[in-house]
1. Starting from 0.36 nm per residue, how many nanometres of slack lie between GLU499 and LYS192 once their C-alpha separation is accounted for?
2. Compute the distance in nm between two label points, each set 7 Å from the Cα along the Cα-to-Cβ direction, one at PHE433 and one at GLU242.
3. Which lysines does LYS342 reach when only Cα atoms under 21 Å apart count, and residues fewer than 8 places away in its own chain are ignored?
4. Can you give the alpha-carbon Rg of the range 22-197 over 2.2 N^0.38 Å, where N counts its residues?
5. Say R0 is 51 Å: what FRET efficiency, to the nearest 0.05, do ILE222 and GLN120 get from their beta-carbon distance?
6. Starting from the Cα of LYS412, draw a straight line to each of the aspartates and glutamates and keep only those under 12 Å, dropping any in the same chain fewer than 8 residues away.
7. Hey, what number do you get for the chain at 222 nm if only DSSP H runs of n ≥ 4 count, each worth -39500 (n - 2.57), divided across all residues, to the nearest 500?
8. Suppose a student asked you for the relative contact order of the chain, using Cα pairs under 8 Å spaced at least 6 residues apart; what percent would you report?
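Computed from the coordinates by the stated procedures, all read-outs in this text should not be read as laboratory data. Note that the coordinates shown come from a computational prediction; the quantities given were computed from them, not determined experimentally. A quick note on method: Cβ atoms are made from the backbone with ideal geometry, for glycine too, and the neighbour counts reach across all protein chains shown.
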Amino acid sequence: MAQLAEKPSAATPRVGKQGDPCVMVIFGAAGDLTARLLLPALYNLARADLLSKEFAVLGVARSQMSDEDFRKRILDDVKEYCGDCINDSLWESFSRRFYYFAGDFNDDKLYPQVKDRLAQIDRDHATHQNVFFYMATAPSFFGPIVDKLAANGMMEQNNGNWRRVIIEKPFGHDLESAKALNQQLLKLADEKQIYRIDHYLGKETVQNIMAFRFANGIFEPIWNRRYIDHVQISVAETVGVEGRGSYFDHAGSLRDMVPNHIMQLISLTAMEPPISFDANAVRDEQAKILHAIQPISDEEVLSRSVRGQYGEGTSGGEQVPAYRAEADVAPDSRTETYVAMKLLIDNWRWANVPFYLRTGKRMPARNTHIVIQFRQAPFVLFRDTSVEHLMPNQLVLHIQPEEGISLQFAAKVPGPVMRLGTVDMDFEYQQYFGKQPSTGYERLLHDCMIGDQTLFQRADMVEAGWTVVNPMLDLWKALPPRNFPNYASGTWGPKEADELLERDGRRWRNFEK
């Protein structure tokens with residue numbers, strides 16, 4: 001049988017075990033997610049020798065294509081999104097493991113045919129009847145597809161084989177719909193078979209939060225309310241709705257980002273040390289944090305949260321339209337493109353330490369980061385010097401686009417007078433470890449292949465995230481905004497978001513290049 005991966009070398013070492021023999025079935029294989037992220041991620045896994053030699057892919061979508069058409073298409077996609085990383089000999093063995101089947105997801109006749117095709121692929125590639133189904137579809141198909149898979153016996157695990165399903169976000173559109181989807185899936189499959197994916201958890205810095213906190217003796221002792229003043233989590237985007245107006249106008253920034261991405265960042269930043277890196281040990285601690293977030297009353301929604309919508313302005317040196325002028329967006333849309341809020345965690349470690357969150361579109365820079373601001377040092381030592389104030393220390397976890405960690409502290413400026421300057425000590429992954437081709441999905445797909453659910457959300461975690469934001473969804477629906485649009489494109493959001501921190505004597509940390 002042809003070798004799937006290049007022989008490991010200094011350039012492409014294999015670190016970790018290969019994935020199990022299996023077939024990946026992609027529902028929505030002709031879509032943008034598959035082209036931009038899934039296919040390049042699979043190729044990167046092949047380059048790193050992390051795919052089993054008994055691995056294959058079956059793409060399923062409505063578009064009519066042959067196997068060869070699909071293989072040509074994925075070559076074009078990987079070239080576009082993976083750059084010049086194509087190795088001809090590797091590609092030959094990699095691409096011949098891709099197959100395609102056209103069909104309508106709502107058609108009951110599709111699923112027995114998919115089952116027959118999987119049986120043939122198993123005979124050809126010895127995949128041990130292990131299969132994982134990836135839902136790269138609209139959310140409305142998640143439940144119905146799994147229902148039809150189960151009805152045709154494709155979720156059954158027999159004779160040591162496994163069956164798993166990866167669910168993309170959004171997982172529900174509010175608390176009730178998330179509960180309903182969980183209940184539906186758990187009637188069809190065991191929790192151990194369900195992988196609720198969040199691509200933010202594929203980021204190196206996100207994965208490194210646990211290593212940074214728990215493998216370094218100098219940080220964990222001060223990671224608490226005694227030393228930390230507050231935490232900021234920012235997810236800023238320069239883009240608008242990018243042709244997804246019909247989806248985004250229904251979802252909005254709160255639904256799109258907070259219950260999943262941002263709640264995962266909070267839980268990893270704030271959780272207690274797990275007893276091991278076992279998936280449930282880690283997720284138990286994450287779930288405890290999400291359940292400990294202080295409930296927000298209707299009155300507190302008004303005082304502790306801010307919503308915004310961008311107007312026209314300048315982004316990247318170009319004039320850009322207001323959100324309401326975007327394609328497929330209602331001209332009087334009430335959908336928020338910006339959210340900021342203040343949350344409190346009711347436990348011993350974080351009592352009275354505010355967590356400030358924000359996410360928005362059409363902002364000055366694309367940047368996702370977590371700022372840990374420490375309490376200010378006493379001024380008494382400097383009272384008879386020219387030092388007017390002391391800057392608090394900040395530890396910043398940079399998640400995208402550059403991944404790294406920086407520490408800000410004060411140092412004396414050389415000279416005869418006591419003056420302090422602010423110094424940044426920076427660590428960048430690319431500088432220290434080299435650049436690795438990555439879409440953020442490599443680790444997550446590989447973890448699914450080996451059965452590691454550590455970086456995937458559990459049902460209770462999903463519902464806990466929705467519980468936090470549901471009061472805002474309800475109140476914002478009842479009280480339409482009066483001042484949309486309330487921030488210009490290319491700015492850091494509405495002034496009310498700055499006031500949210502200024503009332504507490506704090507301010508946002510912005511990063512621009």
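1. Numbers: separation 307, 0.36 × 307 = 110.52 nm, distance 4.42 nm.
Gain on stretching GLU499 to LYS192: 106.1 nm.
2. The two pseudo-label positions are separated by 2.4 nm.
3. LYS288, LYS361, LYS477, LYS495
4. For the range 22-197, the normalised Cα radius of gyration comes out at 1.02.
5. The calculated FRET efficiency here is 0.30.
6. none
7. -10000 deg cm²/dmol
8. Numbers: 924 pairs, mean separation 88.3, N = 513.
It comes to 17 percent, rounded to a whole number.
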